[in-house]
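One structure is given below, encoded as C-alpha cells.
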Amino acid sequence: MSIINVIKGSPLFFELFDEEIESIVEDCGVLNLEEGDYIFKEGDEGNELFLILSGSALVKKGDVTLVELKKGDLFGEMVLLDERIRTADIVAKTYTDVLVLSYDVIFSIFKKNPKIFSLLMLNLCRLLAKRLKGSSEEIKRLNALISQFDDKAA
C-alpha cells in the first residue's frame, strides 16, 4: 500500500484529492522509530501532529497504556487548536514510520488554498467529535461498573 493511500485513509484528509494531499505532504517529514523510541513525552511542547504510516505506537500515561495507535491513525492534532503541551507519552511499539505535519505547514495552506484548509478543519472537528463521543461512552461504561461495585459493597 502506498503512503498516499495510508494518508488518504486518515480522517484528517477525508474528501481531499490525491494532488491536494501530495501538495501538503511534500512539506512534511517522516520519523523512523525503533521499538521503545518516544515520539514525544507528556509535558513536552510541540507544534506537530503525526500520522502512523507503518507500525504501531502506544499512548501512555505513566505505566498505563491508554490505547494502541496503528497504521493510518492520527495523533497530536490538538496543536491545531493551539494546545502545545503534550498530555501523554507516545512510544513506538514496533518499528514505526510516522509522517510529521507541522502547525506551520497546515496553517500555510490557509493562504494557498482556503478550500483545502476548510476541509482539513472540518475533518479535524469530525475527528474530535468522534473521539469525544467515544470518551463519553467509556465514561458511561465506567460509571456503570462503579455503580455495580457500590451496590456489591453496600
For segment 39-128, what's the relative contact order in percent, using C-alpha pairs closer than 8 Å and at least 6 residues apart? 36
Over the chain, what is the percentage of antiparallel beta bridges among all DSSP beta bridges, to the nearest 5? 100
Given the options Thr65, Thr87, Thr96, which has the most mean-square fluctuation in a GNM of the chain, springs set between C-alpha atoms less than 10 angstrom apart? Thr65
Looking at segment 79-154, which GluC sites (Glu not before Pro) are in a loop (DSSP not H, G, I, E or B) and have at most 12 other Cβ atoms within 10 Å? Glu83
0 to 90° range, to nearest 10: angle between helix 103-112 axis and the chain longest Cα axis: 50
For a test of the definition: using alpha carbon positions, the gyration tensor, and the 1.5 limit on a/c, classify segment 3-153 as rounded, prolate or oblate. prolate
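Could you tell me the calculated FRET efficiency between Thr87 and Ile3, based on Cβ-Cβ distance and R0 = 41 angstrom, to the nearest 0.05?
0.90
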Past 32 Å, Cα to Cα: identify those pairs from Lys93/Lys140; Lys61/Lys115; Lys93/Lys133; Lys70/Lys133, in the order given. Lys61/Lys115
Sites removed, the longest contiguous part of the chain containing no DSSP-loop chymotrypsin sites (Phe, Trp or Tyr not before Pro) with at most 16 other Cβ within 10 Å is 18-94
Between Leu80, Leu128, Leu69, find the one with the highest GNM mean-square fluctuation for the chain; connect C-alpha pairs within less than 10 Å. Leu128
Place a point 7 Å from Cα of Leu142 in the direction of its Cβ. Which residues in segment 30-72 have their backbone N less than 19 Å from it? 42-43, 58-69
Sequence gap at least 6, Cα distance under 8 Å: using those rules, report the relative contact order of segment 3-153 to the nearest whole percent. 29
Computed lengthening from Met121 to Ala153, 0.36 nm per intervening residue step minus Cα-Cα distance: 6.8 nm
Taking springs between alpha-carbon atoms closer than 10 angstrom, which of Arg131, Arg86, Arg141 fluctuates most in the Gaussian network model of the chain? Arg141
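Just so you know, all these numbers are worked out from the coordinates, no wet-lab data involved. Owing to the predicted nature of the structure, the values given are computational and were not obtained by experimental measurement. Neighbour counts run over all protein chains shown; Cβ positions are idealised from the backbone, glycine included.
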